[in-house]
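Here is the structure we will look at.
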Amino acid sequence: MSLKAAWLDTPLGSMLAISDEKLLYLLEFVDRRGLEREIERLRIKTESAIIPGSTEPILMIEEDLQLYFNGTLQKFNTPIWLLGSPFQKMVWQELINIPYGETRSYLNQAKALGKPNSYRAVANANGMNQLAIIVPCHRIINSNGKLGGYSRGLHRKKWLIEHERKFTTN
């Protein structure tokens, strides 16, 4: 099996999308620290070569991202595959459940998972997310209201939160 990889341009910088013919496995900013390790982990876990090319999921995420950045898409349509432990998948699913334009603290997220003492483990799982923007770890902030960490750059986290709030109808 081989996976296809394509570069996508966004207002926040170039992103790399990797998928097979059915599912998107990775969507990351190309300047993310540790991206090479993420790609290698994906290659090993799927026992796949990764070659340049395009697939239906890559075309879908390209369209979804255009709509998202235009403010007309709040929930992604691209089918995804979550590569992680059962705990990580549970954390990432909870991220997907956070409504567009809203934020939560790491503690709120841990409580929503029924694991209020596991906020550090939740934060670590958030950092392992390989589907930037789609699995919206940018919506998690510190309990004091500050942005907290974001491996893709705090400037991007701030922009994404402000962008979503701008298009939220209340």
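Values as computed for the structure displayed
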read-out: Unmet requirement for L65, which otherwise passes all of (1) modelled with pLDDT under 95; (2) closer than 21 Å to Y150 by Cβ; value: (1)
read-out: Residues located in segment 18-49, provided they are buried (at least 19 other Cβ atoms within 10 Å of the Cβ) and either more than 16 Å from the chain's Cα centre (by Cα) or of a type in the set (G, A, S) (or both); value: S19
read-out: Qualifying position, being closer than 19 Å to Y150 by Cβ, touching a strand residue (DSSP E or B) at 6+ places or on another chain (Cβ under 7 Å) and assigned to a loop (DSSP other than H, G, I, E, B), among G84, G13, G101; value: G13
read-out: Residue among L65, L95, L107 that alone is farther than 26 Å from D20 by Cβ, of a type outside the set (K, R), part of a helix (DSSP H, G or I) and in contact (Cβ under 8 Å) with a residue 12 or more places away in the chain; value: L107
read-out: Per-region count, segment 1-17, residues surrounded by 16 or more Cβ atoms within 10 Å (Cβ to Cβ) and free of Cβ contacts under 8 Å to residues at least 24 places away in the same chain; value: 1
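The values are calculated or read from the model by the stated rules, or taken from the named source; none is laboratory data. Given the structure is predicted, the values throughout are model-derived calculations rather than measurements. Please note: Cβ atoms are built from the backbone with ideal geometry, for glycine as well, and neighbour counts cover all protein chains shown.
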